[in-house]
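The values are calculated or read from the model by the stated rules, or taken from the named source; none is laboratory data. The structure displayed is predicted, hence computed values, not measured ones. When we count neighbours, we look across all protein chains shown, and the Cβ atoms used for this are built from the backbone with ideal geometry, even at glycine.
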Amino acid sequence: MRTKRQGAKGGHWLKAGGWLYRLFRLGIIVGIGHVILYPLLVKVSVALMSPSDMYDMTVKWVPRQPTSDNFREVLSLIDYWKYFFTTLGVSLGATLAQVASCTLAAYGFARFRFRGRRALFFLVILTLCVPQQTYMVTTYMQYRYFDGFGLLSFFGVTPQSLIGTPWPLMLMSLGCQAAKNGLFIYVLQQFLARLPGELEEAAWVDGAGVGRIFWQIMLPNAGPAMVTVSVLSFVWCWNDLYTASTYMPSMPLFSTLLNNLAFQISRAEGGGSVIDTVRLSMLTNAGALLIIVPLIVLFLVAQRFFVQGIERTGLTGM
């Protein structure tokens, strides 16, 4: 009897421990979710408020008189669509270049065996630890006096400046030198390495070459990982203030606009010495939401493929 009671008591303790673990996990998830969502919820709340709601001390989160006037006013004060299409074009171009170059590099690391492969792959991962600011001066001068990596000077052509154009970002993306390219290569390499080797062997038997295997077998099967990399690359290019301010300071991009959005709005209103900070806060939050909305829509559209690509690359420990 004592043994049965001890076993039942131990079972109760295990059950209680399981409930405590679930509560602890729920608390961690809620805490992290609060940290992530709180700034966005504040922006949504303030952007939908009217001036009377802002001055009403009893209004905390939900406005009593919700309005969309702040969004319409921001659209009239800044050339939103000019910034939107310019940022969209640059981000799409850089994303396509990064996905293409990183997929080729990942395919080589995943499916080929050659001397020094592990050392080279380690150096690729190591690039994630090196800040871009450490080689900012040399990279800037390379594109400030661009000579086609030595080809223009060889033929006696004067070096051209690429600063102020999207070409520095495109060239870095094609050469796997843009931000987070090491992460993209790692994600794609992990996915391609998990594909069955029998697919390649069957293609080799049928007489397919390396290019045909890559194009007709590897790429169709790597769809989820490529979607994951495309979403991450697009988001980083959309928000990349460092690259935009360093190589494209004169281009109308959302990252530079968001950095000085309050100044842009106050200047569009006349730049007077007296600024209504409450009204400026409403317009700034509305403008920030207009910049963020395309990314939210992108994630909602690609969410299923994005989650599937993360799971199948093994990043979650599965």
Count - residues of region 265-318 that are at pLDDT 60 or above and assigned to a helix (DSSP H, G or I): 36
Any hit, region 46-60, residues being in contact with a Pro (Cβ under 9 Å, 6 or more places away or on another chain), hydrophobic (A, V, I, L, M, F, W, C) and over 30 Å from Ala268 (Cα atoms): no
Where Leu183 falls short, out of the listed (1) in a loop (DSSP other than H, G, I, E, B); (2) within 13 Å of Cys102 (Cα to Cα); (3) free of Cβ contacts under 8 Å to residues at least 60 places away in the same chain: (1)
Residue match in region 98-109 (condition: at pLDDT 90 or above, touching a Pro at 6+ places or on another chain (Cβ under 9 Å) and crowded, with 16+ Cβ neighbours inside 10 Å): no
Matching entry among Leu188, Leu183 (being crowded, with 16+ Cβ neighbours inside 10 Å, within 30 Å of Pro252 (Cβ to Cβ) and under 16 Å from the mean Cα position of the chain (by Cα)): Leu183
Selection count where residues are among the hydrophobic types (A, V, I, L, M, F, W, C) and assigned to a loop (DSSP other than H, G, I, E, B), scope region 147-180: 8
Region 110-136, residues that are exposed (fewer than 11 other Cβ atoms within 10 Å of the Cβ) and not aliphatic (A, V, I, L, M): Phe112, Arg113, Phe114, Arg115, Gly116, Arg118, Phe122, Cys129, Pro131, Gln133, Thr134
Residue satisfying condition, being in a helix (DSSP H, G or I), among the aromatic types (Phe, Trp, Tyr) and more than 30 Å from Thr284 (Cβ to Cβ), within set Phe109, Phe114, Phe84: Phe109
Filter result for Thr139 (in contact with a Ser or Thr (Cβ under 9 Å, 6 or more places away or on another chain), assigned to a helix (DSSP H, G or I) and surrounded by 10 or more Cβ atoms within 10 Å (Cβ to Cβ)): yes
Single residue of Leu152, Leu162, Leu199, Leu195 found to be touching a strand residue (DSSP E or B) at 6+ places or on another chain (Cβ under 8 Å) and modelled with pLDDT under 85: Leu152
Residues of region 70-81 satisfying the condition of being loosely packed, with under 15 Cβ neighbours inside 10 Å and not in a loop (DSSP other than H, G, I, E, B): Arg72, Leu75, Ser76, Trp81
